[in-house]
């Protein structure tokens, strides 16, 4: 079952990684330290570029898949269980919570905790319906699959596909700010999972993946920049992202590019990226990233 799930996830994730690499040339690529994001540049992004950034960031199962592959034990303490959809008053709050809970749903499903995921589905259903994207969730099918662990691969496919469709629908219907908030929620919760786990189960692969989020965060802020002055709520979220970015300031990342390798595995096309990366991040920098991620995430899941 794990091999079958991995094939499905590799297909989705390879799309995101290929998008990330389209702007780089072969050879060594050093991610710059001075990485400010001018608003005028963010506003010039084409619809295709925005879609590429969204696909790169928005998988609700990517980090959970890594934790599973590293044999990290499941812990319910990582979940954003305190989120009450009835206390999310604005569309902004609902979209952000939808992203956070989507990442948690991916974590639950990836670990086969499908009974618990049924409870989370009710919150996701309410939030999605209240921002008029409930039509992209086949809740009855997802609920049925959640109760049948033998259909875990189908469940993951449906969950990922639902969030992909919501993102595209919001962007195409002049509600890109809600799409950005949902994606921020997905990313933040995935980063929270990773940083909490590395605290308890130090692993060099996970450590490097956390450091590489500096690049993803840069893309995320590019996506959010046109909306930061839209209203105070969105502005606060942008300020939180700036706090996290500050913790990454001294992290250096060097990429050595390679050509992707395509192969057929059990009848499915799997694309393997051959780039390598070197992350320079001190223990103190990692501690700062862990602390600020928890601080921001705890603020955003609070119902106060």
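The values are calculated or read from the model by the stated rules, or taken from the named source; none is laboratory data. Quick caveat: nothing in here was measured; it's all calculated off a predicted structure. Counting neighbours? That spans all protein chains shown, and the Cβs are built from the backbone with ideal geometry, glycine included.
Worth pointing out:
- Selection status of residue 264, more than 21 Å from the chain's Cα centre (by Cα) and over 20 Å from residue 66 (Cα atoms): yes
- Among (1) more than 11 Å from the chain's Cα centre (by Cα); (2) assigned to a helix (DSSP H, G or I); (3) more than 20 Å from residue 112 (Cβ to Cβ), the one test that residue 186 misses: (1)
- Residue within segment 199-210 that is modelled with pLDDT under 90 and surrounded by fewer than 20 Cβ atoms within 10 Å (Cβ to Cβ) present: no
- Residues in segment 98-136 that are in a helix (DSSP H, G or I) and free of Cβ contacts under 8 Å to residues at least 12 places away in the same chain: 119, 122, 129, 134, 135.
- Of the residues making up segment 231-252, just one is touching a residue at least 24 places away in the same chain (Cβ under 8 Å), loosely packed, with under 13 Cβ neighbours inside 10 Å and farther than 27 Å from residue 286 by Cα, namely 231.
- Restricting attention to segment 248-266, the residues that are farther than 16 Å from residue 208 by Cβ and modelled with pLDDT of 70 or more total 9.
- Apart from one condition, residue 255 fits all of (1) touching a strand residue (DSSP E or B) at 6+ places or on another chain (Cβ under 7 Å); (2) crowded, with 17+ Cβ neighbours inside 10 Å; (3) assigned to a helix (DSSP H, G or I); the exception is (3).
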